[in-house]
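Reviewing the structure listed below.
The values are calculated or read from the model by the stated rules, or taken from the named source; none is laboratory data. Please read these numbers as outputs of a predicted model, since none were measured by experiment. Cβ placement follows ideal geometry from the backbone for every residue including glycine, while neighbour counts extend to all protein chains displayed. Side chains included, ligands, DNA and RNA excluded: accessible areas come from the protein's heavy atoms. Shrake-Rupley method; radii C 1.70, N 1.55, O 1.52, S 1.80 Å.
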Amino acid sequence: MAAGRSGTVACAAPAVPRRPLLLSTAAAALQPGPVRLSRSGSGTAAGKLRASPPDAAQAATAAAFAGEEEAFAWAKNDNRRLLHVVYRVGDLDRTIKFYTECLGMKLLRKRDIPEEKYTNAFLGYGSEDSHFVVELTYNYGVDKYDVGAGFGHFGVAVDDVAKIVELIRAKGGKVTREAGPVKGGKTVIAFVEDPDGYKFEIIERPGTPEPLCQVMLRVGDLDRAISFYEKACGMELLRKRDNPEYKYTVAMMGYGPEDKNAVLELTYNYGVTEYGKGNAYAQIAIGTDDVYKTAEVVKLFGGQVVREPGPLPGISTKITSILDPDGWKSVFVDNIDFAKELE
């Protein structure tokens with residue numbers, strides 16, 4: 001929903017070990033630059049995914065488009081889905097406890113990488129091959145991060161907002177906005193914060209198939225951001241709403257209807273063109289059938305590729321990392337490779 005909203009809480013579950021490989025995402029590096037990456041995946045079952053090009057075809061795919069129109073058409077038809085959002089926390093067990101006990105998430109898997117001094121935990125409301133999830137990163141010895149002014153909130157859709165708010169309060173959590181209709185609308189929302197200060201908007205949306213439903217980021221030029229995510233990332237502008245009374249405008253971007261898929265919520269606050277990003281939030285991971293073509297599309301439409309497409313060292317999983325015009329990072333991951341990692 002909107003910009004100046006907010007909310008906190010503090011509230012483990014057994015680790016579910018998977019394959020030890022897997023790309024790690026927001027580990028180690030505390031700068032917004034080339035953060036360590038995590039797997040990303042398919043928006044559909046592996047059987048429905050189209051094969052990604054072999055490495056020998058890199059040169060061909062790099063020059064695959066005759067122009068912007070062809071590149072745009074390819075991006076719109078690529079098999080894409082928001083896979084997970086990656087961010088850093090200061091106490092992994094504490095955060096897992098909060099997410100499972102207060103927000104009702106499940107710990108899907110957890111892995112420790114002692115040689116690189118970080119641990120990851122994946123939590124959500126369904127399996128990673130079909131749901132949007134969070135990837136938490138704990139870097140050994142780092143117990144605090146700066147969330148920054150640019151990050152807004154995560155959205156969680158529930159059947160009864162008031163009930164969840166009372167549960168969070170009973171467990172000693174921080175409620176920063178009581179349950180009630182959103183300003184200028186009828187949707188019931190509330191805001192809470194997790195132990196690291198990340199804000200969660202609790203949205204009343206009974207029966208939703210995708211409870212972890214939003215990532216809100218603030219941008220300095222909304223039209224510029226919309227154009228980038230439409231053209232370079234192949235997203236659709238699902239809706240746009242201006243709120244002159246409260247001096248902000250929001251745009252919902254995604255790969256499917258807002259009530260059934262996770263979306264990116266971009267917020268423009270009147271007159272604010274830059275935000276400090278801190279070192280806590282890392283990136284969103286997006287599945288693609290071809291990371292090489294994806295990188296070329298991004299370049300054609302003015303995006304910055306900060307990691308050229310290709311397999312990760314020691315792993316066959318292919319990825320590419322990009323920055324939007326505001327410096328927010330996204331990682332595109334080969335669908336087939338991601339599906340293999342989850343086997």
- Message: Need the full-extension length gain, R241 to S127, defined as separation in residues times 0.36 nm minus the C-alpha distance. One decimal, nm.
- Response: 37.8 nm
- May I ask you to order 148-158, 100-110 by the average number of other C-beta atoms within 10 Å around their residues, highest value first? 148-158, 100-110
- Just grab the label-to-label distance for K183 and D91, each label 7 Å out from Cα along the Cβ direction, in nm (one decimal). 3.3
- Task: DSSP loop (so not H, G, I, E, B), at most 10 other Cβ within 10 Å: list which trypsin sites (Lys or Arg not before Pro) in the stretch 147-202 pass both filters.
- Result: K186
- Item | Percent breakdown of C-alpha pair distances by 5 Å bin, ordered from the shortest bin, for the stretch 218-341 | 2, 11, 19, 21, 20, 14, 7, 4, 2, 1, 0
- Task: With a probe of 1.4 Å, find how much accessible area the stretch 195-343 has per residue, and write the answer as a whole number in Å².
- Result: 34
- For the stretch 122-130, what does the Karplus curve 6.51 cos²θ - 1.76 cosθ + 1.60, with θ = phi - 60°, yield as ³J(HN,Hα) per residue in whole Hz, taken in order and with x for Gly and Pro? 10, 10, x, 10, x, 5, 5, 7, 9
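Relative contact order (percent) for the stretch 268-336, with alpha-carbon contacts under 8 angstrom and 6 or more residues of separation?
Worked out over the stretch 268-336, it gives 35 percent.
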- Message: Can you tell me, using C-alpha contacts under 8 Å and at least 6 residues apart, the relative contact order of the stretch 128-223 as a whole percent?
- Response: 37
- State the three equivalent ellipsoid semi-axes of the stretch 61-185, derived from the C-alpha gyration tensor as the square roots of 5 times its eigenvalues, in descending order and whole Å. 32, 24, 15
- Query: Name the chymotrypsin sites (Phe, Trp or Tyr not before Pro) in the stretch 246-293 that are in a loop by DSSP and that have at most 16 other C-beta atoms within 10 Å, would you?
  - Reply: Y246, Y270
- Give the peptides 306-319, 66-79 in descending order of average Cβ contacts within 10 Å, highest first. 306-319, 66-79
- If you plug each phi of the stretch 75-90 into the Karplus form 6.51 cos²θ - 1.76 cosθ + 1.60 with θ = phi - 60°, what whole-Hz ³J(HN,Hα) values come out, in order, with x for Gly and Pro? 4, 5, 9, 5, 7, 10, 7, 6, 9, 7, 10, 10, 7, 9, 10, x
